[in-house]
Amino acid sequence: MLLLPRVGMHLKQIGNRTEHLLMNRITVFFISCCILVLAACSTSKTAFNATRKYSQSALQNDYLTFRNILEQYHPSLYWFTPKDSIDYFFNRGYSQIIDSMDEIQFKNILTDVISKVRCGHTSVRYSKKYSHYLDTAKIKAFPLSFKVWSDSMAVIGNINRTDTILKRGTIVHSINGIGTRQFIDTFFNYLVTDGWSVNGKYQSLSTRSNFGVLYRNVLGLPNSFTIEYSDDEGGKKFTTISVYDPEKDTLLRKLPVPKEKNIDA
């Protein structure tokens, strides 16, 4: 486990643990403050298993390391949130590790805690192996992107380009019964910002597929979504769309290589 307390200083070994734990493969960044690198220790060449679950005890040990490093080295841990509140969020996060978890589940807990620090330069990222997996994996996705405001959200992207209902600019009021305000209150717990400013969180939630990624990671993806929206006349209506499955997308299928024909001269 490596720590770079401030930019430009030498790497320092912390502890003598040799366990191959999940936090050894998750990176927490303190940009311009300090950089914590929990690097992969394993050199195993076995195939990466994105659904692997890590034991409760391993995750608890990693979580305590995560907390200890933040408490010792983060320069603004209590600037915007009092220590007793930060301690509460640390303890709450630890109490949520009640069983084995995969990487996404554990990252959700860490990100929820990090967001309470209110430092826009502090975040939790996937392990390198999981990030590489996401670059090429054909996984199901939430099909819509939104511009999100405090009381409404509008479609700015739709994977299904033949959809004539949920086109760009369409106002959406709820998805599977969950309204805009509830989405904001939920997803903001997994987005970081400086201090009490929320503009950055709205911007992040409105960027590319971030809304869909949070939907998948936090709420899970059902096979279909019931969308409440406003039509061109302003009336509220409902439509149902399916989850996007790249395995079924014929546009992504590779065409067979044509066989060469023998042509007599």
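Structure data summary
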| item | result |
| --- | --- |
| Three-way shape label, the stretch 102-252, alpha-carbon gyration tensor, a/c 1.5 | oblate |
| Pairwise FRET efficiency - Phe89 versus Gln56, Cβ, R0 = 22 Å, nearest 0.05 | 0.65 |
| Heavy-atom accessible area ranking, 1.4 Å probe, most first, across His173, His121, His132, His74 | His132, His121, His173, His74 |
| For Met101, net neighbour charge (Lys/Arg +1, Asp/Glu -1) across residues whose Cβ lies under 11 Å away | -1 |
| FRET efficiency for Ser224 and Ile171, using Cβ-Cβ distance with R0 set to 25 Å, rounded to 0.05 | 0.75 |
| Net length gained if the chain between Ile104 and Asp249 were fully extended (0.36 nm per residue, minus Cα distance) | 49.7 nm |
| Summed side-chain charge close to Ile165 - residues other than Ile165 whose Cβ falls under 9 Å, Lys, Arg +1, Asp, Glu -1 | 0 |
| Probe 1.4 Å - accessible area at Arg125, Å² to nearest ten | 120 |
| Accessible-area value, Val113, 1.4 Å probe, nucleic acids and ligands omitted, Å² | 10 |
| Additional length obtainable on full extension of the chain from Asp185 to Asn68, 0.36 nm per residue less Cα span | 39.3 nm |
| Candidate residues Glu103, Glu71, Glu228: accessible-area rank, largest first, probe 1.4 Å | Glu71, Glu228, Glu103 |
| For His173, distant residues with modelled amide H under 5 Å away | Glu228, Tyr229, Ser230 |
| Whole-angstrom gap from the stretch 128-152 to the stretch 180-246, using each part's C-alpha centre | 11 |
| Modelled FRET efficiency - R0 45 Å, Ala137 with Trp79, Cβ distances, 0.05 increments | 0.75 |
| Derived scalar couplings ³J(HN,Hα) [the stretch 125-133; Karplus, 6.51 cos²θ - 1.76 cosθ + 1.60; whole Hz; x for Gly, Pro] | 10, 5, 5, 4, 5, 5, 4, 5, 4 |
| Probe 1.4 Å - accessible area at Asp84, Å² to nearest ten | 110 |
| Environment charge of Gly195, counting only residues whose C-beta is closer than 13 Å and scoring Lys/Arg +1, Asp/Glu -1 | +2 |
| Under the Karplus curve 6.51 cos²θ - 1.76 cosθ + 1.60, θ = phi - 60°, whole-Hz ³J(HN,Hα) for the stretch 184-190, x wherever Gly or Pro sits | 4, 4, 7, 6, 4, 6, 10 |
| Amide H contacts under 5 Å for Ile178, placed H, 5+ residues apart | none |
| Residues whose placed amide H lies under 5 Å from that of Met101, excluding near-sequence neighbours | Tyr54 |
| Accessible surface, 1.4 Å probe, highest first, among residues Met153, Met101 | Met101, Met153 |
| Integer Hz, Karplus 6.51/-1.76/1.60 couplings in order for the stretch 97-113, x for Gly and Pro | 8, 9, 7, 5, 9, 8, 5, 5, 4, 5, 4, 4, 5, 5, 5, 4, 5 |
| Using distinct alpha-carbon pairs, which all enter the 1/r mean, Kirkwood radius of the stretch 139-195 in Å | 12.5 |
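The values are calculated or read from the model by the stated rules, or taken from the named source; none is laboratory data. As the structure is a prediction and not an experimental result, all values here were calculated from the model. Because the Cβ atoms are built from the backbone with ideal geometry, glycine has one as well, and the counts that use them run over all protein chains shown. Surface areas here come from the heavy atoms of the whole protein model, side chains and all, with no ligands, DNA or RNA. Shrake-Rupley method; radii C 1.70, N 1.55, O 1.52, S 1.80 Å.
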